[in-house]
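Taking it in order: structure first as structure tokens, then the write-up.
The values are calculated or read from the model by the stated rules, or taken from the named source; none is laboratory data. Here the structure is a predicted model, which means the values were calculated and not measured. Virtual Cβ from ideal backbone geometry, glycine too; neighbours counted across all protein chains shown.
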Amino acid sequence: MAEKTWIRMSGLGGQGVITCAHILATAANQEGKESTVNPFFGAEKRLAPAESYVRISSEVIHERGEILKPDIIMIFHPHVITLGKCYTMPFYEGLQPGGNVIINSDQPLAISKEDLEKLNQMQAKVFYVSATQIASEVGGTELSTNMAMLGALLGVAKVVSFDAVKFAVQDRFGGKNFVASGSTAALDDVMKSKFAKVTQLIEKNMNVVEEASKRVEEYQL
Amino acid sequence: MIEQKVMDPQQLFFEAERQEVFITGSEIVKEAVKRANVDIAISYPITPQSESMHLVGDLYAEGYVKEYFRGESEFAVMSEVIGAAMAGVRVFTATGGQGALRAFENFPNWSGSRLPLVCAFMTRGLNAPLSIQPDTLEMAFMLDTGMIILHAEAAQDIYDMLLKAFIIAEKTDVHIPVGVFMDGFFVTHTRDKVKITPAEFKLPPYEPYSSPIPVMDMENVPFRHMRDPFVMKSNFISYAAHASWQQEVLAAAERSRRYIQQYLGGLVEKENENADILIITSGTAVSQSQEAIAMAQQEGIDVGLVKIKCIRPFPTAEIQQLAANAKAIIVPEFNRVGWMCRELKSVIEDNTKVVGGPRVFGGMTMPPEMILDEIRRCTQ
């Protein structure tokens, strides 16, 4: 059987959910694994629900579209849960037994007892990370929230190595391989304007990844 | 313009070295057009197509495409490409969903005018209610426009089918448009590995004198009928012209079969086709079926798969032969009307064994488990 890790990322438009998925999948490919990534969003606008799906496998992946049975769910913004800004309700819908949920929040969210009980029954593990705060502190910009989430993922499950992530960030922002279009290009320009050189952008973002991997904490259900 | 070397199509498709890249479907459209020696591309945005024609615009800026502009509407663009193609140059455009339907009047006009246009259709749900998500319903409308219809399953198909579409469309004995269809988001926005040829090589230019009809000659058919319609002179002549001309357009599509065989290796692909249960479908439904078949195998159920790559002309003989010994044929589809099921039922002799479905529509993916349920039912 193929060794598979299916990851669903839920966030808000502009947070970098799609870029994060792109970087993770590029890293997985760099390590010789099979990986595909695709986004799901409505009419593009900031703060509207946006999801991205990363499939990593030891064998060729045929399945397409949204991931209905994720092993790992990453929640980029508390509103995904508290305001239901999400394509899947409840946010843990379809999580596989023993799966992980990683939430970006400075403090545990007011998740209902019923939901917590269900997560417990599924033997799920819930983790919190102050991704936006870490992005501001270490990366100097909230735009690195997605990289902090990626770091938290590595802290929870070693799906790819730090070196592969570094390669992928370099490929995405420093190489000539990627041509951003539309609002992604505009956000890329803002991101790049925060740093004097692309090498600094990569270094700072890798610092964010490493810091977040250390600061992600399990929440006792 | 950027200098590229012309490579013989056969060599470019089958012999040129290939490099693996990890890019989205929209980016693959750009890579294919970059190597297609396109003279003019005309665009109008609609999700999920917008990004691809934006990237083709970048090709114009970079010097790979000679002319490029954004039209006033989908209807305008699909009319403007007629003018460009009649002038005798290689033309590319793309649309999808409502965009395709808005421009619809032009499609039979493309075929009737024998224009070798290549258009990428990135499918999306049709209003109402509003959707931007994938759904192949628009393909049901396109089946009888006279154009050749190819349906890409995944990333690699987009690259190969787009490049080959130009060569098939421009054969003198074909010379009708080709629509290369791909499922929006599932294919256009999915980042996947694709093997592509070096960017320094491109297809030979379009040869306007390969056209079976005179280029933009207002004194001869079919263009003469624009300024001087037969029907204004004599109903008899008009009937006669239509009767022969419409059959000629259909015959042109029939004549494309051997080129589709040559370049795409056939109108269908098959795996384990002697199994009692067969899945026959196209596009993303093929990918989802692959997963379902792997799950069925775990349960000891043997299932074969037929991927239809070319829907017009329809692989009638191939399907009749493949279906002859199957006990059940499952047809998963990403639309509510089940047009592929209708097509299959119209050619399979004992069509009571055709199971229409499962079907999903409006943008959700099709869980492989839905197909597996249908497989299990067929074993009972």
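Being in the same structural domain as B:ARG90 (by TED's automatic domain parsing) and crowded, with 16+ Cβ neighbours inside 10 Å: is that true of B:PRO177 here? In short, yes. Kindly check whether there is at least one residue in region A:168-187 that is over 28 Å from B:GLY25 (Cβ atoms) and touching a residue at least 12 places away in the same chain (Cβ under 8 Å). Taking every residue of region A:168-187 in turn, none turns out to be over 28 Å from B:GLY25 (Cβ atoms) and touching a residue at least 12 places away in the same chain (Cβ under 8 Å). Could you tell me whether A:VAL129 is more than 25 Å from A:SER35 (Cα to Cα), touching a Gly at 6+ places or on another chain (Cβ under 8 Å) and surrounded by 15 or more Cβ atoms within 10 Å (Cβ to Cβ)? So A:VAL129 fits the description; yes. Looking only at residues that are buried (at least 23 other Cβ atoms within 10 Å of the Cβ) and acidic (Asp, Glu) in region B:183-206, which one is nearest to the other protein chains (Cβ to nearest Cβ)? So, considering only residues that are buried (at least 23 other Cβ atoms within 10 Å of the Cβ) and acidic (Asp, Glu), the one nearest to the other protein chains (Cβ to nearest Cβ) is B:ASP192.
Any residue at all in region B:126-133 that's of a type outside the set (Phe, Trp, Tyr) and either part of a helix (DSSP H, G or I) or under 15 Å from the mean Cα position of the chain (by Cα) (or both)? No: region B:126-133 contains no residue that is of a type outside the set (Phe, Trp, Tyr) and either part of a helix (DSSP H, G or I) or under 15 Å from the mean Cα position of the chain (by Cα) (or both). Of the strands (runs of 3 or more DSSP E) lying entirely inside region B:262-317, the ones with 1 or more residues being within 14 Å of another protein chain (Cβ to nearest Cβ) are found at B:268-271, B:277-281, B:303-308. Among the listed residues B:ALA36, B:ALA61, identify the single one that is free of Cβ contacts under 8 Å to residues at least 24 places away in the same chain and among the aliphatic types (A, V, I, L, M). Just a single option satisfies the conditions, and that option is B:ALA61.
One line per residue, one yes/no per condition, for (1) within 12 Å of chain B (Cβ to nearest Cβ); (2) farther than 21 Å from A:VAL159 by Cβ; (3) touching a residue at least 40 places away in the same chain (Cβ under 8 Å); (4) not β-branched (Val, Ile, Thr):
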residue	(1), (2), (3), (4)
A:GLN30	yes, no, yes, yes
A:ILE67	yes, no, yes, no
A:THR82	no, yes, no, no
A:GLY98	no, no, no, yes
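Within region B:93-101, identify whether any single residue is surrounded by fewer than 24 Cβ atoms within 10 Å (Cβ to Cβ) and closer than 27 Å to B:LYS307 by Cβ, and answer yes or no. Looking through region B:93-101, at least one residue is surrounded by fewer than 24 Cβ atoms within 10 Å (Cβ to Cβ) and closer than 27 Å to B:LYS307 by Cβ. Within the set B:ALA84, B:ALA32, the sole residue that is under 17 Å from the mean Cα position of the chain (by Cα), buried (at least 18 other Cβ atoms within 10 Å of the Cβ), more than 14 Å from every other protein chain (Cβ to nearest Cβ) and among the aliphatic types (A, V, I, L, M) turns out to be B:ALA32.
Here's a check for you: in region B:348-369, which residue that is away from chain A (no Cβ under 14 Å) and among the polar types (S, T, N, Q) is nearest to the chain's Cα centre (by Cα)? The residue in question is B:ASN351. If you go through region B:141-163 and keep only what is out of contact with any Gly (no Cβ under 9 Å at 6 or more places or on another chain) and farther than 24 Å from B:LYS195 by Cβ, you end up with B:PHE141, B:LEU143, B:ASP144.
Within region B:66-75, not a single residue is free of Cβ contacts under 8 Å to residues at least 40 places away in the same chain, within 14 Å of chain A (Cβ to nearest Cβ) and part of a helix (DSSP H, G or I). Within region B:334-347, the presence of at least one residue that is within 14 Å of chain A (Cβ to nearest Cβ), within 15 Å of B:ILE279 (Cβ to Cβ) and touching a residue at least 24 places away in the same chain (Cβ under 8 Å) is confirmed. Against the conditions (1) under 24 Å from B:PHE14 (Cα atoms); (2) in contact with a His (Cβ under 7 Å, 6 or more places away or on another chain); (3) modelled with pLDDT under 95, B:SER211 satisfies every one except (1). Do the conditions hold for A:LEU24, that is, is it farther than 18 Å from A:ALA164 by Cβ, more than 9 Å from chain B (Cβ to nearest Cβ) and of a type in the set (A, V, I, L, M, F, W, C)? Criteria not met by A:LEU24.
Given the condition in a loop (DSSP other than H, G, I, E, B), in contact with a Phe, Trp or Tyr (Cβ under 6 Å, 6 or more places away or on another chain) and in contact (Cβ under 8 Å) with a residue 12 or more places away in the chain, answer yes or no: does some residue in region B:173-196 qualify? Scanning region B:173-196, I find at least one residue that is in a loop (DSSP other than H, G, I, E, B), in contact with a Phe, Trp or Tyr (Cβ under 6 Å, 6 or more places away or on another chain) and in contact (Cβ under 8 Å) with a residue 12 or more places away in the chain, so the answer is yes. Only residues that are at pLDDT below 95 and among the polar types (S, T, N, Q) were counted across region B:129-180, and they come to 2. One residue alone among B:LEU372, B:LEU305 is of a type outside the set (Asp, Glu), over 27 Å from the mean Cα position of the chain (by Cα) and buried (at least 18 other Cβ atoms within 10 Å of the Cβ), and that residue is B:LEU372. Just to be sure, is A:GLY65 farther than 20 Å from A:GLU142 by Cβ and modelled with pLDDT under 95? It is true that A:GLY65 is farther than 20 Å from A:GLU142 by Cβ and modelled with pLDDT under 95.
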